[in-house]
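Student: My questions will all concern the structure given below.
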Amino acid sequence: MKIDKKLIKELKDYLDEFGLSEIEYQDGNKKIKVAKTSGSINSFTAHKPGLSKSKDEDSGTKISSPIIGTAYLAPEPGGKKFIEVGQKIKKGQTVMIVEAMKTMNHVPSTSDGEVKKVLVQDGQAVEFGQALVILK
């Protein structure tokens, strides 16, 4: 297999342009993954998407991003937001959308609760495992 340096450079440029930490491209049997590293082993912490409990000032049940992408708080620009602070929500209810590679991925609440805080802004880039919402 011949290494396509031009494609790798283009993927690296996308990392910088869109503020991503990694990107993957597949064409048939050819699969290329490009990722940024900080050079420090301790700088990466794996997160499991879903719920986690925290004891800091943002204590509560956290709903985390299942993927890397762009968070949207409403189904369309200018539309009604999926959730608002103070709103009671049910398990499985969509709290936001995370777009990754032109695919809209609904992020469901993994627990019943009341929205205490929304931690991201509309159109903000999010990482895998990043806390998006805190529930009471």
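Read-outs: derived from the displayed coordinates by stated rules, not from any lab. It should be emphasised that the depicted structure is a prediction, and the values quoted were computed from it without experimental measurement. Here Cβ is always computed from backbone atoms with ideal geometry, including for glycine, and neighbour counts include all displayed protein chains.
Student: Taking R0 as 41 Å, what FRET efficiency do you get between Glu17 and Ser111 from their Cβ-Cβ distance, rounded to the nearest 0.05?
Tutor: Step by step, r from the Cβ atoms, then E = 0.70.
Student: Of the peptides 12-23, 120-131, how do they stack up when ordered by the mean number of other Cβ atoms within 10 Å, highest first?
Tutor: In descending order of packing, they fall as 120-131, 12-23.
Student: Follow-up question, since we're still on this one. Mind listing the long-range amide H neighbours of Thr110? Cut-off is under 5 Å, sequence gap 5 or more, other chains count too, H placed in the peptide plane at 1.01 Å from N.
Tutor: Correct list: Gly92.
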